[in-house]
Every structure is written in C-alpha cells, then in structure tokens.
1. Checking Leu75 against (1) open to solvent by 20 Å² or more (accessible area, probe 1.4 Å); (2) on the phi < 0 side of the Ramachandran plot, only one condition comes out false. Which one?
2. Residues in segment 820-849 that are aliphatic (A, V, I, L, M) and under 19 Å from the mean Cα position of the chain (by Cα): how many?
3. So in segment 78-121, with the set limited to residues that are in a strand (DSSP E or B) and touching a Pro at 6+ places or on another chain (Cβ under 6 Å), which one is surrounded by the fewest Cβ atoms within 10 Å (Cβ to Cβ)?
4. Filter segment 649-681 for residues that are open to solvent by 10 Å² or more (accessible area, probe 1.4 Å) and within 16 Å of the ligand (Cβ to nearest atom); which is nearest to Gly527 (Cα to Cα)?
5. In segment 558-600, which residues are out of contact with any Phe, Trp or Tyr (no Cβ under 9 Å at 6 or more places or on another chain) and part of a helix (DSSP H, G or I)?
6. Taking the condition among the aromatic types (Phe, Trp, Tyr) and farther than 24 Å from Phe264 by Cβ, does Tyr423 pass?
7. With Arg877, Arg882, Arg807 as the choices, which residue is within 30 Å of Tyr423 (Cα to Cα) and away from the ligand (no atom under 16 Å from the Cβ)?
8. Restricting segment 571-580 to residues that are within 13 Å of the ligand (Cβ to nearest atom) and open to solvent by 10 Å² or more (accessible area, probe 1.4 Å), which is farthest from Phe754 (Cα to Cα)?
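The values are calculated or read from the model by the stated rules, or taken from the named source; none is laboratory data. Every value quoted in this text rests on a predicted model; they were computed, and no experiment measured them. Glycine also receives a Cβ, built like all others from the backbone with ideal geometry; neighbour counts cover every protein chain displayed. Protein only, heavy atoms only, side chains kept; ligands, DNA and RNA dropped before computing areas. Shrake-Rupley method; radii C 1.70, N 1.55, O 1.52, S 1.80 Å.
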Amino acid sequence: MKFIIKSRKVFILLSICLTGLIFTITCKKSADIQIVDLRCEYRKEPVGIDDKQPRFNWVMQSDERNQVQSAYRILVASNAGSLSKEEGDMWNSGKIISERSIQVEYSGKELESNTTYYWKVRIWDKADRPSPWSTPSSWSMGLLDKSNWQAKWIGIASDEAETTRPVDTILTSRGTPPGTPSPMVRKTFLIDSDAKSAMVYVSALGLYELHINGEKVGDHVLAPEWTDYTKRVQYQAYDVTDMLKPGENTIGAILGDGWYIGTFGQWGDDARRGKNYGSLDRKFLFQLAIQTENGESITVVSNGSWKEFADGPIRFADMFLGETIDARRNIPGWDNTGFDDSEWKAVHVFPDPGIELVAQMHEPIRVIDTLRPVTVIEPDTGVYIIDMGQNIAGWCRLVANEPEGTKIMLRHGERLTEEGGLYTQNLRRAKQEDIFITSGETNDVFEPRFTFHGFQFVEITGLSKKPDLSMLSGIAISSDPEQTGHFECSNPELNQLWNNILWTQRDNQHGIPTDCPQRDERMGWMGDALVFAQTAIYNMNMAPFYTKWIRDIRDAQTEEGEFADFAPHPNWDRPHLNAPGWADAGLVVPYRVYQNYDDLRVLERQYQSAKKFIDFVHKSNPDLVWRNHAGNQYGDWLNGDLIESDSYPGEGATMPKDVFATAYFAYSTNILAEMANLLGIGSDAEEYSALADSIRQVFNDNFVSGNGEITGDTQAGYVIALNFKLLPDSLKPLAVNHMLRRISDYDGRISTGFHSTVLLMKELTDWGYTPLAYDLLESHELPSWLYPVDQGATTIWERWDGWVKGRGFQDIGMNSFNHYSFGSVAEWMYRTILGINRDDNHPGYKKFIIKPEPGGSLTWAKGEYHSIHGLIRTEWRSENDRFILNITVPVNTHAIVYVPSDFPESITEGGEEAVNSPGVQQVGMSKNQGIFEIGSGTYQFESKYSIHPKK
Ligand code: BGC
C-alpha cells in the first residue's frame, strides 16, 4: 500500500515533470506562427519568369502580440520530393539571423531555363523558437537565353494578305480604310503517352489568342501586351500539361493587329496603320516543351511546317476602331484534331526581328468582371441603348438570334447626350464600333478579341426586335494585380467616390498605365501615372506592373537623356519629350515602388537612366531654372483656369511654367540623391544632394518673396513648394497662410490641377487644417470630387467640369470621363481617414504610422491595406463621445499609433489603461492625442473624444 502510494506520488511527480518537460520542449521547439502567402517576385507561384536571381517574400501570422522574426531558413529544390525530405539541392540558406522576410534574394545554384523549382521557408520567432515549415510553393523559369529559342517567327506577309483579301463592303461601311482579316495558324503533332509536363512559350508582334485541342490556353487577353516593339516584346508562359493527350494534338492561334500594327495615340490616325512600328505583318512565335510519361522530351515550335488561313471570321480588328466578326465564316474545329486543313497554305517564315524576348512577369490583362445590363432604352426606332451601370474598359458579348447575314452594329460611349442618344463626340477618332454579322444559327455568340472600348453605354442597331438583356453582357478587362486596399466610411458618397477611383484604375491598366481607355489616346502618359502611383499602390499590388512599365520608360528615353512624356513612345520623329512633371515619373514612380515595397532592385536598374535625365536637364539649364528642353510644358494640367463656369474665376490658378518646372527639377534631383544614397554611391549622393540644394536656392531667389509669396500666387504654387520641401523653415508658415488665402479667394474651393490636387489635401492635413480638407472632400459644388458623383459618375472625370448642369459637356477635344489623376485623392483618404501611412525610414511598411484623423460628416470609417509585410487594418467609430479604434498590425512589423483624444491620459487599450496594456508602449502625448508604439497583433484603443459630426 505504502509502496503504491509512494509509487503513485512518484508517478504523479514524474508525470508533472514530464508534462513540464514536454511543454518546455514544445514551447522552445515551435513558435506559434504560420507562414503564409509565399511569393516569388511578388507573385504566387509565377510561371516562366526570367529574373535569374528571383526574390522571395512571405507573411507570418500569429495570435501573439509583438511577434517578430529573428531568423529564417529557405530551402529550394529541383523537385517536390527532395523538398519534402528537407533537401534543398538548389539552395539551402541555412539559418540566417535576420528580420528580413521580404525581397530575400535567391542565392543558390544557377537556375535553368524551362525548369520548375520548389521552395519553403521556416522562421525563428523573437524567442528563437522555430516555426513549422511553410507549405511548399514553386515557381518556374522561362527561356533565359536567346539560344533556348528554336522557334521561328511565322505568319502571313502583309502583301500576301492584302492581295488575297476579298473586297468586303461591310468593312468599308465604317468609312475607314479596312485592314485585313485576322489570320489563323495551326499545327498538329503526335505524342505517344500522356504529358508529364508541358510548358508553352508564346509571343507575337501584334496580338495572339492561343488554342490547344479546341480550348483557349490561359486567361490572358490582348497578349503579349504593349512594349517598345523596336526593342523588345514579351513572351508568356503557360503550363499546358493537362491540355495534351496521347495521340494527335492540335495547336491553333488567331493573330491580331494590336498596338504593333493598329492605331493608337492622338496621332494614331488611319494613315498610321502599320507605321507605328513599321510593319503590317502579324508575326507569331511558339515553343512547346513536353516531357512525356514515357520519358521522352519533345519540342514543338513554330516554323515553316505550320499552316495558315487568311480569310477567317474576324474581318477586321483595331484597338480604336473596333472589330468586325462575320459568323458566316466561322470555321468549326479549326483548332482541334480531325480538321481538314488541305485548303490552308504553308505559313510565311519571317527573319528574326532582332529584338529582345522578355518574360511577362506582371499580372496579365484578363477579364476582371462580367456586367449585366441595367436598363435599355429605345431613343429611335430600332436603336437600343443599353446602360451597363459602370464605365468600363472592355467589350460586349452578344448572343444573337437573327437571320443569316444580319449586320448588328454596337457603338460604345461613356455618357448619353441630353437628348438621350449616345454621346461619342469625345472619342475623337476612336470609333469604338463592333460589327457582328450573323450566321443564321441559333444563339450566335459574338465577342471581340483584338479591340477594347471605354464605355458605360452601348447602342445596338440592326436587331429585328428589342434585345433581351440576358443576351448581352459587358466584359471588363484590365491588367489584374491583386487588390490590396479597401475603404469604407459612414458617408456613402465617399464610398462611391472611392469605388469610382478603383474602377478608373482598373480601366486604365492594360499592360501600361494609360490616361484614358476611350478616345484616340490611351497612352502611357507619365504625368498621370506620377500623381496616381501612390493611390494605385494602396489599391493594388502594383510592383510587378510598374517594374515592367519602368523598363518601358527606359526604352523610351533618348540617347541624350530626355525621358518621354509617355511610355512606350513610338518615336514619331520624337516630339513629346521631357515635359516637367511627366518626364519626372522616370524617378518618382521607381521611388514609390522602393518606398512601398523596399525594392532596391528597381532603383538599381533605373539609376543610370535617372542620372542621365537629371544631367541632361542640368546641362540644358545651367542657371538651374528649368526653361530649356522642357518639352510641351503642360504644367499643373487641367487646373481651375480651364473650368468653364460663370461662377468660377477664369484665371489665377495656373502655376507659371518655370516655377512648376524648377520645382520638379529640385524634387527629382533630390530623389536621385536619395537613390544614390540607398545604392551606396556616396559621391553621387553628395553631388546631387548639393545640386538639389542649389536648385532650391535658385527657386527661392527667383520665385519666392520675403513674405513667402510665390510667383503666380496660385494654390498650386504654395502646395508644391511646401510638399517638395523647397522653402526655408521661416517661410513655410507664411506660404501656408498664402495657400489658405488663395483657397478663400475661391470661396473655399480648389483651383488645383492634376499635380497639385492631392498635395493640397496633404499639406492642409500636415499643417493642421484637416477640417478644411474634409470640407473640400465632401463638397458638392463645382469643382469637387462629389460633383461628378452627383451626376451619376461611375469613374473619375478628366476635368472637374466634364459635364455641368445647364451648360452641358466640356470641349469635345478633350473630355474623358475615365481619367484617374484627380482620383489621387484616395491616397489622402487612406492616409488621413483610415490613418494608414508609410514611415519612410522603414520602407515596405516594416514600421508604419497609424494616424486617423476623423472629420467632416464621418462617424465611422474602416479599411485595410495588404502591405508587403501583411495585412494592416484600421477601423474607427465614434459612439457617445467615445472614440474606438481597432487596429491590426502584421507580424514582424511595428506601428506608431496616434489616438485622438480629449483626455489622452485616459486612453485605454483592450479595456485597460493603454500604458499598462501588454505590448503597448506610450511614446508621446499632446493635448489632443496619445502616441503609442505597438508590435504585431490586434488592438482596440478607446478614448474620450468628440469628433463633432456634422448633421
Ligand atoms: C492626356 C493627359 C496627359 C496630357 C498631357 C492629354 O491628352 O489625356 O492625361 O497627361 O495629354 O498634358
């Protein structure tokens, strides 16, 4: 008995010790952290990239507050099996003591073309406890060397296409010189077993749509997208393993004109067809690498053995003019086995165009939404106008049931005229007309492939009866980076505004950021992108897209160093260069990518170009006032002076050109100095920092008077001088007063243009005038953001007064309803309403600032930003003079939080005094806010605070 008791005691004791031991071991052994969202070059499991030293990012999740990574270990393997056995045959980083969880460069064995790699990561937390391994991820390399390409450029020579094209009256009824039908190419091949892996690499000069065994490959549209085709073209990689089958397989492709041949730009009149890049030949390049289950390696390439057909159903397709599809010419089965292609001819094999082939590493243009029509009206007999409810970039899909040969015309526009017809005058030479000719079969499906339109309304003629709305859908297309931001608040009009901004961004991303998607322009205007970049980055994961476009900017730079006003720049005898505020995007946009994503590589690659540009402006303007080689000097574009209204001052808003240009010269030179500093080029950093100082001095000497007045006395001038940090401290408050005076001269309205509008909001907030900024944001008076919302806008207008009650439309020469520049105010909404701000001493949101400033009519707001380090979320509401602020901070980051309060000493977090709350450290206090530093986790701060909401 005694023994038993003794043993029991020992047993219990042992058990306690053992449990304790196990507990201790477990605690030491594994951290309570999950690793999620593994990315290679910003994307999840990208296929066919060509960066030979790709970078990795991962995000960590933990319920524990203030959790930080103290070390990591990465394994990269050439097959999934090795990785699961923890063998990193390509790279085993070992345990690296570092908090770095983004932009970690691959440093293993040389990566090979057309190969998939597998990787995983584990981390050690702040107590040096290891996490479990992440779920494995992968990426694959594309064709890294020109010698990897065995394929030949094939297609139909334009002279052959011209002579074989039948005369087609339907084409000429458009009143434009017809192009030739979209050629189709095909090839069959045999494999004797299932494919173990099959990767296809495809490109075109023009556009392509690729099919295998009767199915479209991938979800890209308008591939290979737009680059400077005289220098480079992108290829796309698709994993087609599951599309192949033992036996005969068929490849088919339809080729279009796109940006390579078709019209684009304001100067893209019909006569320019084929002249932008000097060719009317649509060319196609294809290489398929197959490993069969039988162990065979087979490569199928485009070459002279392919066949072509030049007279298919797409009779004509042009980006601006539209597309004509004749369903009577449909060729069933052309892209599948068993098709008799004896009528098809051998393709033409072109010589190598001698340009660089680069992998597409950003998200493709794809269909992002399918809209159902909202209403249909019949303004005239047989003329139907359908409202899609949203201004989009894309096209319509129509299912028709009409007798054979019926010609149905779809015209696209953004607004209706006051008489209720389709408003198309603002499209200028972009016709945006699709013509569908029916086959007479039941349910003829029409959907364009090689054009797109900017529209909310579509006018249909040629139908025998009123269309059934279920037969029509609006197909929205866009380059499709993941959405990273969201905004919502108690004022539904601001929610509509934010939504309009998001749509305007979607509508203006088609391989490059464009000014507008509808009229004959649609160019990569750099000034627009410069002002919108930060908003774009809040909204979406823009790094890969901008990285691609920044290369386009380099491609468009002149030998001498001028940056273009838009990129790509098709070199039309080289006008449109070096405009201040446009060319500067060559520095500002890469710098924004660095600030938001801690991406030094983008700066490294841009540095020499940026330096060449600043040196050019400097050499051209030795007195440091930028007057020479300032191109078209657009200035603070579309400012208040352009507003046509009797109740608005007709002048006083335009910042003088040399003031605007010199301000940008100083700003960009300063960015260059900062780039040099970051890249460790000390001598350049010093030189350009001194140059920036000198330009600032010259700016003050020439344009700033002793009382802080700036030449031109414009709102924009003060805002830009303050924001670009051009003024000495003593003059700043004086300049702020001038800025306020100039706002009151306009009866409390804005008079700013593209470049200065969001900066005005930022300066008001920085100088303590957030209530005035809210007044501007919530104003319904012209000019304001909500005026268009009141007129039913679903996107941001190019002009404050695109359409005005009683006056009607602005000048048809320039009146887009889908231009994002004024939408840059979303940056202020994220920063000030949600309070989510970068801390530029800690790029990539390693540390950031949460500083919501409630105001205006708002009683609550909530939103989020998926930073490269993980999800940042804020939500605040006011309840009976209590202010409640919920915050989420990602693992491995820190935030400084400003909690507004009438009694900062009584702020609580999680129900207890904030100063005593775990993980919360008070770092400051002023009479109306408490300032705290917090690590990762979720927090709820509460304070006594009256936000005085307006009724
Ligand atoms: C475009 C703008 C662009 C500008 C240059 C316009 O036609 O639509 O957005 O920035 O030209 O001033």
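1. (1)
2. Matching residues across segment 820-849 total 3.
3. Checked segment 78-121; the qualifying residue surrounded by the fewest Cβ atoms within 10 Å (Cβ to Cβ) is Tyr118.
4. Lys657
5. Matches in segment 558-600: Tyr591, Tyr594, Gln595.
6. It is false that Tyr423 is among the aromatic types (Phe, Trp, Tyr) and farther than 24 Å from Phe264 by Cβ.
7. It is Arg807.
8. Once the filter is applied, the top-ranked residue is Pro575.
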